[in-house]
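Below is one structure, written out as structure tokens; the observations come after it.
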Amino acid sequence: MPQTIRKLFLPTAISLLVVAVLWATSLGTLPSAEFTFNNGTEVKSLDPAQVTGSPEGRIVHALFDGLYRPDPKTLEPQPALALSANPDEILSSDGKTYTFSLRRDAQWSDGTAVTAEDFRWSWQRLLHPETASQYHFVLSAYVVNADKYNAGIVDPGDRVEIELPDRPRDLQLYPRGTMLSGKLLEIQRPPLADLLRELSDDEKAEQKRKWIYTVQVDGQQRKFSQQPPAGQDVERCLHVLLNFNQVGIRAIDPYTLQVELKNQTPYFLYLMQFYVTVPVNRECVEKFGYPDWIRPENIVVNGPFQIEFRRLRDRIRLKKNPLYWNKDAIALNTVDALAVESSTTGLNMYLEGDVDWMPSPPSEVIPQLEGREDYHAMSSLSIYFYRVNVTREPFDNPLVRMALSRAIDRERICRAILRAGQEPAYSLVPPVLTNYVAAEAPAYDLEAARRLLAQAGYPGGRGLRSIEILFNTRSDHRKVAEAIQQDWQRLGVDVRLRNLEWQTHLATTRKMEYDVARAGWIGDYPDPNTFLDLFVTDGVQNETGWGNPDFDRLIDRATREPDAAKRMQILHEAEEIIMGELPVLPIYFYVSINLVKPYVNGFFSNSQDLHPLPSISIDPLQKKKLVK
């Protein structure tokens with residue numbers, strides 16, 4: 001270990017020794033995996049329909065194959081279960097219908113074939129409102145009628161499906177209860193006065209449960225409601241949804257999947273390599289239910305790896321899947337994904353040879369790491385930002401939000417604290433997209449921030465309540481929060497800090513039980529839309545309470561604009577709106593930083609910081625030399 005790095009870690013030597021002892025105790029006689037990396041935290045879930053973060057995505061991508069996988073160098077979609085990525089072979093002349101031929105040699109780990117129906121069923125599960133997936137928009141925003149199915153919107157004349165309340169197990173979406181289908185004739189809603197009244201989301205949901213649907217089923221008119229009124233001939237049901245046959249997802253035959261889009265979507269194949277679109281095994285899900293189906297002893301997968309075991313707060317051990325269709329191309333037999341939240345501990349393990357890949361080393365040692373053979377840094381299609389809860393006073397005032405933004409010295413954060421090449425962010429869309437010009441918020445100006453705060457009615461911070469910054473446990477997040485705390489204190493604002501572990505942080509932010517919350521976003525595909533459409537009104541990833549109808553209209557227009565240059569201009573105008581109102585405060589654009597042992601092959605720096613495990617291999621001779 002270089003002497004300069006040793007000196008930096010001297011204050012933590014005792015704590016690291018304790019961690020090492022505990023780690024060794026937890027390992028016992030466990031043999032080492034061929035490849036070990038620090039996944040950064042305990043994964044929230046391994047259900048593709050439920051996960052939202054990069055740590056979970058890495059594991060899901062190892063366990064499941066979808067239609068496409070990203071090329072490890074270029075990130076271009078490469079066929080996985082689909083046989084072709086050639087538009088001439090898979091796309092209709094109007095650019096709206098994809099027909100995917102699937103490989104016939106793909107199997108689930110239980111030996112059954114992977115079919116087009118597995119995709120159809122899995123995507124229905126992803127879109128079902130009871131699944132409550134935060135990533136349903138990967139399909140609902142693009143596929144014909146997928147938004148109606150997901151939102152539970154039906155209109156008279158629609159073909160609908162009714163689920164009766166006789167599920168084999170309570171509170172489980174799958175297996176579902178008895179399913180009926182028919183034509184919707186009428187919806188009886190609450191009186192108009194109730195509809196005109198301002199309702200909360202919970203009140204709206206409660207009202208909707210009382211709606212009465214008249215449906216023609218097998219030639220008979222029947223009435224259904226989730227909360228049927230007493231004394232009326234109305235049957236109780238769990239759901240009345242658009243019949244999924246009306247959604248543009250069809251299994252033409254066992255090995256042909258067809259997807260009909262609302263509009264041309266030039267980046268659709270990038271969406272199809274996103275982890276939420278992988279199929280899951282229906283029999284496994286229905287047999288065990290959620291969350292038991294993802295337990296290591298139950299889960300059935302179709303990807304290059306299986307779960308050998310999982311130790312909470314320790315690791316997930318992956319092993320090569322012997323039934324994987326491309327198993328001969330998978331070099332690694334075992335992989336360990338460690339759940340080490342402390343970047344200091346993670347770096348120490350890397351330097352001592354216990355870890356082969358360490359993402360995001362601590363910022364304080366970056367100057368000593370730069371220039372090393374194993375140091376990899378690259379500008380990233382990702383942003384570090386703060387969400388602002390605009391439903392809480394005083395953040396409902398855009399002048400307060402603008403004052404807070406203009407008081408943040410982003411240059412100091414990047415140059416003096418992070419020191420790894422991060423760039424100050426004044427826009428939501430990172431500058432790595434060469435065909436797009438971002439719209440920027442006003443730059444750092446402390447005096448302007450003071451004037452804005454006074455204009456909002458809080459001169460010198462007087463009358464402004466204490467503000468809390470929420471962040472998840474990690475040393476760099478704390479350092480950034482402390483820097484912004486100091487910046488805002490210069491406005492006369494009292495600022496408190498609160499840190500939570502990753503899963504609790506996600507849940508707290510989602511429930512909007514925060515003032516200002518740390519967030520980060522890695523683009524799902526190389527297009528401004530992957531950042532901007534997060535913040536449409538009531539979007540599941542919005543989590544700020546903000547909405548603007550002009551912004552929503554522009555995002556919708558962009559989805560229907562076939563001209564690429566005009567589309568980019570529309571998205572620029574949308575970004576101008578959000579950067580003018582600032583429900584989110586951009587802080588900096590990430591640089592992906594990874595420490596990777598020189599004997600690791602198949603690891604490439606790229607703009608999305610994606611490093612597929614199936615592409616990685618170990619040079620045993622070089623490793624042996626370095627270990628010596």
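The values are calculated or read from the model by the stated rules, or taken from the named source; none is laboratory data. What you see is a predicted model, and the numbers here were worked out from it, not measured in a lab. Glycine gets a Cβ as well: all are built from the backbone with ideal geometry, and neighbour counts include every protein chain shown.
Can you work out which of the residues in the stretch 168-184 that are basic (Lys, Arg) and within 30 Å of the chain's Cα centre (by Cα) is nearest to GLN124 (Cα to Cα)?
Of the stretch 168-184, the ones basic (Lys, Arg) are 169, 176, 183.
From what's left, within 30 Å of the chain's Cα centre (by Cα): 169, 176.
Details: ARG169: 20, ARG176: 12 Å.
Going through the qualifying residues, I end up with ARG176.
Return the residues of the stretch 327-360 that are in a strand (DSSP E or B) and surrounded by fewer than 19 Cβ atoms within 10 Å (Cβ to Cβ); say none if nothing qualifies. Before you say what the answer is, go through the steps one by one.
First, pick out the residues of the stretch 327-360 that are in a strand (DSSP E or B): 334-338, 357-359.
Listed by number, the list holds a single entry, THR334.
Go through the residues of the stretch 367-389 one by one and say whether even a single one is in a loop (DSSP other than H, G, I, E, B), surrounded by fewer than 19 Cβ atoms within 10 Å (Cβ to Cβ), within 27 Å of the chain's Cα centre (by Cα) and at pLDDT 95 or above.
Within the stretch 367-389, not a single residue is in a loop (DSSP other than H, G, I, E, B), surrounded by fewer than 19 Cβ atoms within 10 Å (Cβ to Cβ), within 27 Å of the chain's Cα centre (by Cα) and at pLDDT 95 or above.
Would you be able to tell me the number of residues in the stretch 256-295 that are surrounded by fewer than 20 Cβ atoms within 10 Å (Cβ to Cβ), in a loop (DSSP other than H, G, I, E, B) and at pLDDT 95 or above?
2
Select from the stretch 153-168 the residues that are in contact (Cβ under 8 Å) with a residue 24 or more places away in the chain and surrounded by fewer than 11 Cβ atoms within 10 Å (Cβ to Cβ) and write down the one among them that is farthest from THR131 (Cα to Cα). It would help to see each step written out before you state the result.
The first filter runs over the stretch 153-168 and keeps only residues in contact (Cβ under 8 Å) with a residue 24 or more places away in the chain, leaving 153-165, 167.
Still in the list and also surrounded by fewer than 11 Cβ atoms within 10 Å (Cβ to Cβ): 155, 157.
On the way: ASP155: 22, GLY157: 26 Å.
Filtering the stretch 153-168 for residues that are in contact (Cβ under 8 Å) with a residue 24 or more places away in the chain and surrounded by fewer than 11 Cβ atoms within 10 Å (Cβ to Cβ), the one farthest from THR131 (Cα to Cα) comes out as GLY157.
Return yes when GLU364 is over 23 Å from the mean Cα position of the chain (by Cα) and either under 27 Å from ARG125 (Cβ atoms) or part of a strand (DSSP E or B) (or both) and no when it is not. Don't jump to the end; show me each part of the working.
Details: over 23 Å from the mean Cα position of the chain (by Cα): yes; either under 27 Å from ARG125 (Cβ atoms) or part of a strand (DSSP E or B) (or both): no.
Considered against the rule, which asks whether it is over 23 Å from the mean Cα position of the chain (by Cα) and either under 27 Å from ARG125 (Cβ atoms) or part of a strand (DSSP E or B) (or both), GLU364 comes out as no.
Test each condition in (1) under 26 Å from the mean Cα position of the chain (by Cα); (2) surrounded by fewer than 21 Cβ atoms within 10 Å (Cβ to Cβ); (3) at pLDDT 95 or above for ARG313 and report the one that comes out false.
(3)
When the stretch 549-570 is examined, which residues are found to be more than 28 Å from ALA49 (Cα to Cα) and of a type in the set (S, T, N, Q)?
GLN569
If I filter the stretch 433-442 for residues that are of a type in the set (D, E, K, R) and out of contact with any strand residue (DSSP E or B) (no Cβ under 7 Å at 6 or more places or on another chain), do I get at least one hit? So that I can check it myself, show each step before the final result.
Of all residues in the stretch 433-442, those of a type in the set (D, E, K, R) come to 440.
Adding the requirement that they be out of contact with any strand residue (DSSP E or B) (no Cβ under 7 Å at 6 or more places or on another chain) leaves 440.
Within the stretch 433-442, one or more residues are of a type in the set (D, E, K, R) and out of contact with any strand residue (DSSP E or B) (no Cβ under 7 Å at 6 or more places or on another chain).
Being without any contact (Cβ under 8 Å) to a residue 60 or more places away in the chain, out of contact with any Leu (no Cβ under 6 Å at 6 or more places or on another chain) and of a type in the set (Phe, Trp, Tyr) narrows it down to one of TYR426, TYR444, so name that one. Give the steps one after another, and end with the answer.
Working: TYR426 fails: without any contact (Cβ under 8 Å) to a residue 60 or more places away in the chain.
Exactly one of TYR426, TYR444 is without any contact (Cβ under 8 Å) to a residue 60 or more places away in the chain, out of contact with any Leu (no Cβ under 6 Å at 6 or more places or on another chain) and of a type in the set (Phe, Trp, Tyr), namely TYR444.
Name the residue that is surrounded by the most Cβ atoms within 10 Å (Cβ to Cβ), counting only residues in the stretch 576-602 that are outside any strand (DSSP E or B) and within 25 Å of the chain's Cα centre (by Cα). Steps first, answer last, please.
Filtering the stretch 576-602 for residues outside any strand (DSSP E or B) gives 576-583, 597-599, 602.
Retained after the next criterion (residues that are within 25 Å of the chain's Cα centre (by Cα)): 576-579, 581-583, 602.
Numbers: GLU576: 17, ILE577: 17, ILE578: 23, MET579: 21, GLU581: 18, LEU582: 25, PRO583: 20, GLY602: 16.
Among them, the one singled out is LEU582.
Within the set of pairs 6+ apart or on separate chains, which have a first residue in the stretch 552-563 that is touching a residue at least 24 places away in the same chain (Cβ under 8 Å), a second that is among the aliphatic types (A, V, I, L, M) and part of a helix (DSSP H, G or I), and C-beta atoms under 6 Å apart?
Filtered contacts from the stretch 552-563: ILE555/ALA574; ALA558/ILE570; ALA558/LEU571.
Within the stretch 457-514, count every residue that is under 26 Å from the mean Cα position of the chain (by Cα) and assigned to a helix (DSSP H, G or I). Lay out the reasoning, then the answer.
Taking the stretch 457-514 as the starting set, the residues that turn out to be under 26 Å from the mean Cα position of the chain (by Cα) are 468-481, 484, 497-514.
Restricting the remaining residues to those that are assigned to a helix (DSSP H, G or I) gives 475-481, 484, 502-510.
Residues flagged as under 26 Å from the mean Cα position of the chain (by Cα) and assigned to a helix (DSSP H, G or I) within the stretch 457-514 amount to 17.
Looking for something closer than 30 Å to SER225 by Cα, in contact with a Lys or Arg (Cβ under 6 Å, 6 or more places away or on another chain) and touching a residue at least 24 places away in the same chain (Cβ under 8 Å) - is there at least one such residue anywhere in the stretch 112-121?
The answer is yes; a qualifying residue exists.
Is it true that some residue in the stretch 130-137 is surrounded by 17 or more Cβ atoms within 10 Å (Cβ to Cβ) and touching a His at 6+ places or on another chain (Cβ under 6 Å)?
no
Criterion first (outside the structural domain of VAL493 (by TED's automatic domain parsing) and polar (S, T, N, Q)) does ASN548 satisfy it? Don't jump to the end; show me each part of the working.
Details: outside the structural domain of VAL493 (by TED's automatic domain parsing): no; polar (S, T, N, Q): yes.
Spelling it out, it is not the case that ASN548 is outside the structural domain of VAL493 (by TED's automatic domain parsing) and polar (S, T, N, Q).
Answer yes if at least one residue in the stretch 393-403 is modelled with pLDDT of 95 or more, in a helix (DSSP H, G or I) and more than 24 Å from THR509 (Cα to Cα), and no otherwise.
No, there is no match, as no residue in the stretch 393-403 is modelled with pLDDT of 95 or more, in a helix (DSSP H, G or I) and more than 24 Å from THR509 (Cα to Cα).
Among the residues that make up the stretch 570-592, is at least one of them outside the structural domain of LEU139 (by TED's automatic domain parsing), free of Cβ contacts under 8 Å to residues at least 40 places away in the same chain and among the β-branched types (Val, Ile, Thr)?
Yes.
Of the numbered conditions (1) of a type in the set (Gly, Ala, Ser); (2) within 22 Å of TYR290 (Cα to Cα); (3) free of Cβ contacts under 8 Å to residues at least 60 places away in the same chain; (4) touching a Lys or Arg at 6+ places or on another chain (Cβ under 8 Å), GLY182 satisfies every one except a single condition; which is it?
So GLY182 meets the others, but not (2).
Out of the residues in the stretch 504-533 that are among the aliphatic types (A, V, I, L, M) and at pLDDT 95 or above, state the one that is surrounded by the most Cβ atoms within 10 Å (Cβ to Cβ).
First, the residues of the stretch 504-533 that are among the aliphatic types (A, V, I, L, M): 506-507, 512, 516-517, 519, 522, 532.
Next, only the ones that are at pLDDT 95 or above stay: 512, 516-517, 519, 532.
Working: MET512: 16, VAL516: 24, ALA517: 27, ALA519: 23, LEU532: 22.
Checked the stretch 504-533; the qualifying residue surrounded by the most Cβ atoms within 10 Å (Cβ to Cβ) is ALA517.
Within the stretch 603-628, track down each residue that is more than 19 Å from LEU318 (Cα to Cα) and either more than 27 Å from the chain's Cα centre (by Cα) or of a type in the set (Lys, Arg) (or both). Show your work before the answer.
So the first thing to find is which residues in the stretch 603-628 are more than 19 Å from LEU318 (Cα to Cα), and the list is 604-609, 619-628.
Passing the criteria: ASP619, PRO620, LEU621, GLN622, LYS623, LYS624, LYS625, LEU626, VAL627, LYS628.
I'd like the full set of residues that are surrounded by 17 or more Cβ atoms within 10 Å (Cβ to Cβ) and part of a helix (DSSP H, G or I), limited to the stretch 603-628.
The answer is LEU613, PRO614, SER615, LYS623.
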